[in-house]
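**Q** One structure, pasted below without further comment.
The values are calculated or read from the model by the stated rules, or taken from the named source; none is laboratory data. A quick note: this is a predicted structure, and the numbers were derived from the prediction, not measured. As a convention, Cβ positions derive from the backbone with ideal geometry for all residues, glycine included, and neighbour counts pool all protein chains shown.
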Amino acid sequence: MHVQIVVPNDLGGMRLDAALARMLPEHSRSRLQDWIRDGRVSVSGRVLVDTKHKLAGGELIGVEPVAHPAALADAPEDIPLDIVFEDEHLIVINKPAGLVVHPGSGNWTGTLLNALLAHDRSLGELPRAGIVHRLDKETSGLMVVARTLTAQTNLVRQLQEHSVKRHYAALVLGKPNQIGFVDAPIGRHPTQRVKMAVVENGKPARTHYRVIEQFARCTHVECVLETGRTHQIRVHMAHVGHPLVGDPVYGPKRQTIRAAANFTRQALHAFRLGLLHPYSNQPVQWDVPVAEDLRALIAAVRTEA
């Protein structure tokens, strides 16, 4: 909806963005600045993209508001889902690499949540559309989603009690011990806020791993989560000197595995998920093959000298 407003004389001398923030307090200043830069604001009929333009007072300002991308976060989108299992209580999904789980800054649409709402509109009545845990954008594999509030509460409790079994296939650099256990707290990196790290005041985090197959310069391992912290496997394996192949955040800046030159994500796939069914309370488990791109990478490093 087009908005027109006359600049009060007492705002003369103010910057365009500051004056707009005073006249349209329902919108944030940063949002108004975006509209100015996008050519959605005119002053006396002339479109201006300079947020610092000084106003004299008395000008007629026109604004073409546009909804914040966050307004689309809960919109159903026809995104294909690889559904491994579903009943009236839960859905188990094999998430592909590249799919963001939940909308957020920079990823307001095209997420698993949007896909779930298209698959089942009733999920819109649940917090986070029934999502109870996440996988990183570039991690593939199994996730469980609740279809009722009772199931969601039950699954959250199981996750808190660490009774959900989550097994991952990973390709890590170097040659770790045949069997290992990492018990190290994880929290925000003290200086790089986009990263997690092993920090003294972090949340408890425990990861078990065992070697499946060793290669010349990397190793196929199975990791089992006892807890579920953000980036846990990636942080823990890097902490013990064996970062995931292809990990752009916790691995080396230069790709050291020739076969992985075109592998564009961290080599991590959730292949097994086990829990107690929230209705029957019986143990259930699902397994899926390792993602095709990771299988191809493992096959390639097997032949690399």
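**Q** Kindly indicate whether Pro80 is surrounded by fewer than 17 Cβ atoms within 10 Å (Cβ to Cβ) and modelled with pLDDT under 95. So that I can check it myself, show each step before the final result.
**A** Values: surrounded by fewer than 17 Cβ atoms within 10 Å (Cβ to Cβ): yes; modelled with pLDDT under 95: no.
Judged against the criteria, Pro80 is not a match.
**Q** Name, by its number, the condition in (1) assigned to a loop (DSSP other than H, G, I, E, B); (2) touching a residue at least 60 places away in the same chain (Cβ under 8 Å); (3) in contact with a strand residue (DSSP E or B) (Cβ under 6 Å, 6 or more places away or on another chain); (4) surrounded by 19 or more Cβ atoms within 10 Å (Cβ to Cβ) that does not hold for His220.
**A** Unmet condition: (1).
Listed here are the residues, each with its yes/no results for (1) small (Gly, Ala, Ser); (2) in the same structural domain as Gly274 (by TED's automatic domain parsing); (3) modelled with pLDDT under 95; (4) assigned to a strand (DSSP E or B).
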site: His167; (1), (2), (3), (4): no, yes, no, yes
site: Pro176; (1), (2), (3), (4): no, yes, no, no
site: Asn201; (1), (2), (3), (4): no, yes, yes, no
site: Thr207; (1), (2), (3), (4): no, yes, no, yes
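**Q** Identify, by number, the condition in (1) farther than 28 Å from Val240 by Cβ; (2) without any contact (Cβ under 8 Å) to a residue 24 or more places away in the chain that Thr191 doesn't meet.
**A** Every listed condition holds for Thr191 apart from (1).
**Q** Quick check, is Gln266 free of Cβ contacts under 8 Å to residues at least 24 places away in the same chain and not small (Gly, Ala, Ser)?
**A** No, not satisfied.
**Q** Whether any residue in the stretch 276-294 is surrounded by 15 or more Cβ atoms within 10 Å (Cβ to Cβ), in the same structural domain as Val224 (by TED's automatic domain parsing) and polar (S, T, N, Q) is what I want to check.
**A** No - not one qualifying residue is present in the stretch 276-294.
**Q** Next question. Go through the stretch 230-264 residue by residue and tally those that are within 17 Å of Leu135 (Cβ to Cβ), of a type outside the set (Lys, Arg) and part of a helix (DSSP H, G or I).
**A** Let us first name the residues in the stretch 230-264 that are within 17 Å of Leu135 (Cβ to Cβ), namely 230-237, 244, 246-250, 264.
After this cut, where a residue has to be of a type outside the set (Lys, Arg) as well, the list is 230-233, 235-237, 244, 246-250, 264.
So of that shortlist, the ones also part of a helix (DSSP H, G or I) come out as 232-233, 235-237.
Of the residues in the stretch 230-264, 5 are within 17 Å of Leu135 (Cβ to Cβ), of a type outside the set (Lys, Arg) and part of a helix (DSSP H, G or I).
**Q** Being closer than 30 Å to Asp287 by Cα, not charged (D, E, K, R) and not in a strand (DSSP E or B) is the requirement here; does Pro76 meet it? Show your work before the answer.
**A** Numbers: closer than 30 Å to Asp287 by Cα: yes; not charged (D, E, K, R): yes; not in a strand (DSSP E or B): yes.
Yes, satisfied.
**Q** Only one of Ser28, Ser44 is among the polar types (S, T, N, Q) and at pLDDT below 90. Can you tell me which?
**A** Exactly one residue qualifies, and that residue is Ser28.
**Q** Here is a check on your reading of the model: is Val101 outside any helix (DSSP H, G or I), outside the structural domain of Asp293 (by TED's automatic domain parsing), out of contact with any Ser or Thr (no Cβ under 6 Å at 6 or more places or on another chain) and under 27 Å from Val290 (Cα atoms)?
**A** Yes, satisfied.
**Q** Test each condition in (1) in the same structural domain as Leu20 (by TED's automatic domain parsing); (2) surrounded by 16 or more Cβ atoms within 10 Å (Cβ to Cβ) for Leu60 and report the one that comes out false.
**A** Single failed check for Leu60: (2).
**Q** Those residues that are more than 13 Å from His239 (Cα to Cα), among the β-branched types (Val, Ile, Thr) and not in a strand (DSSP E or B), I need them from the stretch 178-199; list them, please.
**A** Thr191, Val194
**Q** Give the stretch 189-231 a look and list any residue that's in contact with a Cys (Cβ under 9 Å, 6 or more places away or on another chain) and of a type in the set (S, T, N, Q), or say none.
**A** Residue satisfying the conditions is Thr207 alone.
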